[in-house]
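The values are calculated or read from the model by the stated rules, or taken from the named source; none is laboratory data. Only a predicted model underlies this, so the values are computations on that prediction, with no experimental measurement involved. All Cβ positions, glycine included, derive from the backbone under ideal geometry; neighbour counts span all protein chains shown. What goes into the accessible areas is simple: the full protein's heavy atoms, side chains included, and nothing from ligands, DNA or RNA. Shrake-Rupley method; radii C 1.70, N 1.55, O 1.52, S 1.80 Å.
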Amino acid sequence: MTLESKIPAGDIATKWTQYKSTVPLVNPANKRQLEIIVVGTGLAGASAAATLAEMGYKVKAFCFQDSPRRAHSIAAQGGINAAKNYQNDGDSVYRLFYDTIKGGDYRAREANVHRLAECSTSIIDQCVAQGVPFAREYGGTLSNRSFGGTQVQRTFYAAGQTGQQLLLGAYSGLERQVGLGNVKMYARHEMIEVVKIDGKARGIIARNLVTGELERHFGHAVLLCTGGYGNVFYLSTNAMGSNVTAAWKAHKAGAYFGNPCFTQIHPTCIPVSGHYQSKLTLMSESLRNDGRIWVPKKQNDDRHPNDIPEDERDYYLERRYPAFGNLVPRDIASRAAKERCDAGYGVGQSKMAVYLDFKYNMMQKYGRTEASKLNIANPDDETLIRLGKEVIKEKYGNLFDMYKQITDEDPYEVPMRIYPAVHYTMGGLWVDYDLMTNVPGMYALGEANFSDHGANRLGASALMQGLADGYFVIPITIGNYLSKEIHTKPISTDHEAFVAAEKAANDRIQQLMSIQGTRSVESYHRELGLIMWNKCGMARNEKGLKEAIAEIQALRADFYKNVRIPGSINEFNPELDKAGRVADFLELGELMCIDALNRNESCGGHFREEYQTEEGEAMRDDENYMYVAAWENKGNTWELHKEELKYENIKIQQRSYK
């Protein structure tokens, strides 16, 4: 099958505007006859469901949480990018577009990324109108801060709770439509099968997680807004319920999976503390605005960080990347931390951590500014710390409180200890310019698709993509498909395709419950995570990836012989829910390793140890690998399809942040 990206012709600066002016429309009377299923109600799903319902479509929205407010989008901390140029520092739509393509190491589709940059400015206006409490300067203007991989300040934020506030804005719009009867909300429901009729997505099979009942739901189109698959690594910053199941069922129903090996390791997370830990906690990238990352210059230095003199500290990011310093992109900062720790310079009990220190900017940046406001001519260190601490508390207070609650260390007094952890997945279902997969009628939005971030996402761009897709892209592009579906009457869920899909889902559940082995679901998930982290994590190599594929295959075979799921099917049974998700992770993990093994280059978050420069940087192979790897499921194997990437508006070069 040939991949048709459906990128409009013309100049990149006018593609989206021209598209919006010429795309087929659905008139209001016909919209009322069309049903759309939205799976997932995080930022992408809630904004899409609310907007489509506002336009007149009949919408069914599904989430496995007890409320859309529980979506993992709520955990995003640092901010959302937009090319508003409020700081008058040279930002523009083109610069945001360029930074995103470069940050993704030239492995993203130009047209989609430029559209994202264009939509970014409207997102801020939309959210302000909803009442999202973005941080503001003293004079009332919206405040901005910097994030990695940029040299401008374009990130809008709400303290360290930006995701929560944006989700509440989208949620309010969604609930308004629920109240008006335009959206029917199905909480505690998980999609476990796609229904296809004549090759088109026509509905889903959902499982009621409270009763265990399987339900059939028809839709003229199905939108998957189900987030990423970082929990394949077991330990990640994702919510423990986050999973790949909906996207994986779509993949097994024919949707291609794009760039599955492109996973993001976030450099600022609280380090692993013990073997039985099941969740990692993110410390926002925004902290790198004012925190300086360092390790001792002496190996295996056990001194208290406050006892290590300034001249015995190695601010290694500032040393290696003077142009960007502590604000290099995430993949580069993560690998640099790993290199220092592997070389014996790590800190803490595990020696697998580095310091994130706020004292310098607390005193010299904020303390002195506040002292100047108060006309204190020669403030002493105690005064500078006291005044600076109040500013830091206002900017990052909830993050500092979270760190102290978890570690019992006060980051106002001692540096934070951080280490990279799995955070985001750039890979996802392959989609065209309309955000439609290769299965007609099936769309993927937000982190569930592959489209905008290439091999590495820049900080504060996930929220931007989710809301751009939901508020501004899908409401336009879905008309291109649904305008041809206005004569399709609702299909009865007694149709043989629904019956067959429900039977397949039920057979799978029965199979899992019938095993009654001796090992817990959790133990399999943890073992898979270790394989993935050790052999397909921050660094990969041919030998390790081949070993990982064999180990995952053996683990999956054992899972289907020896897993034990307590309880029964027709009841509230979280272990059964988890078993289905882990079964999908056991298949996805193999594909990720196959994709990483196939891509004989290093780019962004995909770092093959065989392909690096003398300085330890990623070495791309543009001649052979400048494509999107779109994998088709063939039962027990996969077939690779390639979408060639063409760069007509950006000069391709080796990434440099020095």
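So, of the residues in the stretch 344-398 that are of a type in the set (Lys, Arg) and in a helix (DSSP H, G or I), which turns out to be modelled with the lowest pLDDT?
Lys395
Assess whether Tyr657 counts as being in contact with a helix residue (DSSP H, G or I) (Cβ under 7 Å, 6 or more places away or on another chain), over 23 Å from Gly227 (Cα atoms) and surrounded by fewer than 17 Cβ atoms within 10 Å (Cβ to Cβ).
no
Could you say whether any residue in the stretch 410-422 is over 27 Å from Ala75 (Cα atoms) and surrounded by fewer than 24 Cβ atoms within 10 Å (Cβ to Cβ)? Steps first, answer last, please.
Taking the stretch 410-422 as the starting set, the residues that turn out to be over 27 Å from Ala75 (Cα atoms) are none.
No; the residues of the stretch 410-422 include none that is over 27 Å from Ala75 (Cα atoms) and surrounded by fewer than 24 Cβ atoms within 10 Å (Cβ to Cβ).
Would you say Val113 is on the phi < 0 side of the Ramachandran plot, open to solvent by less than 10 Å² (accessible area, probe 1.4 Å) and at pLDDT 95 or above?
On the way: on the phi < 0 side of the Ramachandran plot: yes; open to solvent by less than 10 Å² (accessible area, probe 1.4 Å): yes; at pLDDT 95 or above: yes.
Yes; evaluated as a whole, the condition is true for this residue.
Looking at Ala9, Ala53, Ala13, which one is open to solvent by less than 20 Å² (accessible area, probe 1.4 Å) and either touching a helix residue (DSSP H, G or I) at 6+ places or on another chain (Cβ under 9 Å) or among the hydroxyl-bearing types (Ser, Thr, Tyr) (or both)?
So the residue among Ala9, Ala53, Ala13 that is open to solvent by less than 20 Å² (accessible area, probe 1.4 Å) and either touching a helix residue (DSSP H, G or I) at 6+ places or on another chain (Cβ under 9 Å) or among the hydroxyl-bearing types (Ser, Thr, Tyr) (or both) is Ala53.
Yes or no: the stretch 562-569 includes at least one residue that is open to solvent by less than 70 Å² (accessible area, probe 1.4 Å), over 21 Å from Thr263 (Cα atoms), touching a Phe, Trp or Tyr at 6+ places or on another chain (Cβ under 6 Å) and not small (Gly, Ala, Ser). Don't jump to the end; show me each part of the working.
Step one: of the stretch 562-569, the residues open to solvent by less than 70 Å² (accessible area, probe 1.4 Å) are 562-563, 565-569.
Cutting the leftovers down to over 21 Å from Thr263 (Cα atoms) gives us 562-563, 565-569.
Still in the list and also touching a Phe, Trp or Tyr at 6+ places or on another chain (Cβ under 6 Å): none.
Looking through the stretch 562-569, none of the residues is open to solvent by less than 70 Å² (accessible area, probe 1.4 Å), over 21 Å from Thr263 (Cα atoms), touching a Phe, Trp or Tyr at 6+ places or on another chain (Cβ under 6 Å) and not small (Gly, Ala, Ser).
Have a look at Lys365, Lys338, Lys373 and point out the one that is in contact with a Phe, Trp or Tyr (Cβ under 9 Å, 6 or more places away or on another chain), open to solvent by 30 Å² or more (accessible area, probe 1.4 Å) and not hydroxyl-bearing (Ser, Thr, Tyr).
Details: Lys365 fails: in contact with a Phe, Trp or Tyr (Cβ under 9 Å, 6 or more places away or on another chain); Lys373 fails: in contact with a Phe, Trp or Tyr (Cβ under 9 Å, 6 or more places away or on another chain).
The conditions single out Lys338.
Cβ contacts < 8 Å: first residue hydroxyl-bearing (Ser, Thr, Tyr), restricted to the stretch 100-117; second residue assigned to a helix (DSSP H, G or I) and surrounded by 24 or more Cβ atoms within 10 Å (Cβ to Cβ), any location; separation 6+ or different chain. Result?
Thr100/Val113; Thr100/Leu116; Thr100/Ala117
Between residues in the stretch 192-215 that are within 21 Å of Ala583 (Cα to Cα) and of a type in the set (Lys, Arg) and residues that are open to solvent by 10 Å² or more (accessible area, probe 1.4 Å) and in a strand (DSSP E or B), which pairs lie under 8 Å by C-beta distance while being six or more apart or on different chains?
Short answer, once both residue conditions are applied: Arg207/His189; Arg207/Glu190; Arg207/Ile192; Arg207/Leu214; Arg207/Glu215.
With the stretch 1-108 as the region, which helices (runs of 4 or more DSSP H) entirely inside it contain at least 3 residues that are of a type outside the set (A, V, I, L, M, F, W, C) and over 28 Å from Ala187 (Cα atoms)?
15-22, 93-103
Scanning for something within 19 Å of Ala336 (Cβ to Cβ), free of Cβ contacts under 8 Å to residues at least 60 places away in the same chain and not in a loop (DSSP other than H, G, I, E, B), does the stretch 273-288 turn up at least one residue?
Within the stretch 273-288, none of the residues are within 19 Å of Ala336 (Cβ to Cβ), free of Cβ contacts under 8 Å to residues at least 60 places away in the same chain and not in a loop (DSSP other than H, G, I, E, B).
Give the residue that is modelled with the highest pLDDT, with candidates limited to residues of the stretch 141-164 that are out of contact with any strand residue (DSSP E or B) (no Cβ under 8 Å at 6 or more places or on another chain) and open to solvent by 40 Å² or more (accessible area, probe 1.4 Å).
Among them, the one singled out is Gln164.
Suppose we filter Phe572, Phe559 for residues that are among the aromatic types (Phe, Trp, Tyr), open to solvent by less than 60 Å² (accessible area, probe 1.4 Å) and either in a loop (DSSP other than H, G, I, E, B) or at pLDDT 95 or above (or both); which single one remains?
Details: Phe572 fails: open to solvent by less than 60 Å² (accessible area, probe 1.4 Å).
That would be Phe559, the only listed residue that is among the aromatic types (Phe, Trp, Tyr), open to solvent by less than 60 Å² (accessible area, probe 1.4 Å) and either in a loop (DSSP other than H, G, I, E, B) or at pLDDT 95 or above (or both).
Can you tell me which condition Ala239 does not meet? The list is (1) touching a Leu at 6+ places or on another chain (Cβ under 6 Å); (2) closer than 23 Å to Lys279 by Cα; (3) not hydroxyl-bearing (Ser, Thr, Tyr), and all the others hold.
Checking Ala239 against (1) touching a Leu at 6+ places or on another chain (Cβ under 6 Å); (2) closer than 23 Å to Lys279 by Cα; (3) not hydroxyl-bearing (Ser, Thr, Tyr), the one that fails is (1).
Looking at the stretch 177-224 only, could you name the residues that are surrounded by fewer than 24 Cβ atoms within 10 Å (Cβ to Cβ), farther than 13 Å from Phe62 by Cα and within 27 Å of the chain's Cα centre (by Cα)?
Gln177
Given the structure, is Ala239 touching a residue at least 60 places away in the same chain (Cβ under 8 Å), crowded, with 17+ Cβ neighbours inside 10 Å and not in a loop (DSSP other than H, G, I, E, B)?
The answer is no for Ala239.
Go through the residues of the stretch 384-404 one by one and say whether even a single one is surrounded by fewer than 21 Cβ atoms within 10 Å (Cβ to Cβ) and hydroxyl-bearing (Ser, Thr, Tyr).
no
What do you reckon, is Asn534 open to solvent by less than 20 Å² (accessible area, probe 1.4 Å) and among the polar types (S, T, N, Q)?
Spelling it out, it is not the case that Asn534 is open to solvent by less than 20 Å² (accessible area, probe 1.4 Å) and among the polar types (S, T, N, Q).
Suppose the filter is at pLDDT 95 or above, of a type in the set (Asp, Glu), touching a strand residue (DSSP E or B) at 6+ places or on another chain (Cβ under 8 Å) and part of a loop (DSSP other than H, G, I, E, B); does Glu485 pass it?
Yes, satisfied.
Only residues in the stretch 139-165 that are closer than 22 Å to Ala333 by Cβ count as the first member; pair them with residues that are surrounded by fewer than 24 Cβ atoms within 10 Å (Cβ to Cβ) and basic (Lys, Arg), Cβ under 6 angstrom, at least 6 apart or cross-chain, and list the lot.
Gln153/Arg145; Thr155/Arg145
May I ask you to verify whether Ile293 is open to solvent by less than 20 Å² (accessible area, probe 1.4 Å), hydrophobic (A, V, I, L, M, F, W, C), closer than 25 Å to Ile549 by Cα and not in a loop (DSSP other than H, G, I, E, B)?
no
Could you grab me the full set of residues in the stretch 425-440 that are open to solvent by less than 10 Å² (accessible area, probe 1.4 Å) and either farther than 30 Å from Tyr481 by Cα or not in a loop (DSSP other than H, G, I, E, B) (or both)?
Result: Thr425, Gly428, Leu429.
Go through (1) assigned to a helix (DSSP H, G or I); (2) in contact (Cβ under 8 Å) with a residue 12 or more places away in the chain; (3) more than 16 Å from Asn243 (Cβ to Cβ) for Lys503 and report which single condition fails.
With respect to (1) assigned to a helix (DSSP H, G or I); (2) in contact (Cβ under 8 Å) with a residue 12 or more places away in the chain; (3) more than 16 Å from Asn243 (Cβ to Cβ), Lys503 is out only on (2).
Would you call Leu640 in a helix (DSSP H, G or I) and either at pLDDT 95 or above or within 22 Å of Met532 (Cβ to Cβ) (or both)? Show your work before the answer.
On the way: in a helix (DSSP H, G or I): no; either at pLDDT 95 or above or within 22 Å of Met532 (Cβ to Cβ) (or both): yes.
No: the conditions fail for Leu640.
Out of curiosity, is Asp469 under 30 Å from Thr22 (Cβ atoms), in contact with a Leu (Cβ under 9 Å, 6 or more places away or on another chain), of a type in the set (Asp, Glu) and outside any helix (DSSP H, G or I)?
Details: under 30 Å from Thr22 (Cβ atoms): yes; in contact with a Leu (Cβ under 9 Å, 6 or more places away or on another chain): yes; of a type in the set (Asp, Glu): yes; outside any helix (DSSP H, G or I): no.
When the stated conditions are applied, Asp469 does not pass them.
Here is a list: Ala468, Ala460. Which entry is out of contact with any Gly (no Cβ under 8 Å at 6 or more places or on another chain) and open to solvent by less than 10 Å² (accessible area, probe 1.4 Å)? So that I can check it myself, show each step before the final result.
Values: Ala460 fails: out of contact with any Gly (no Cβ under 8 Å at 6 or more places or on another chain).
Just a single option satisfies the conditions, and that option is Ala468.
Please verify whether Ile332 is of a type outside the set (Gly, Ala, Ser), outside any helix (DSSP H, G or I) and at pLDDT 95 or above, treating the condition exactly as stated.
no
Of the numbered conditions (1) surrounded by fewer than 22 Cβ atoms within 10 Å (Cβ to Cβ); (2) part of a helix (DSSP H, G or I); (3) β-branched (Val, Ile, Thr), Val582 satisfies every one except a single condition; which is it?
It is condition (1) that Val582 fails.
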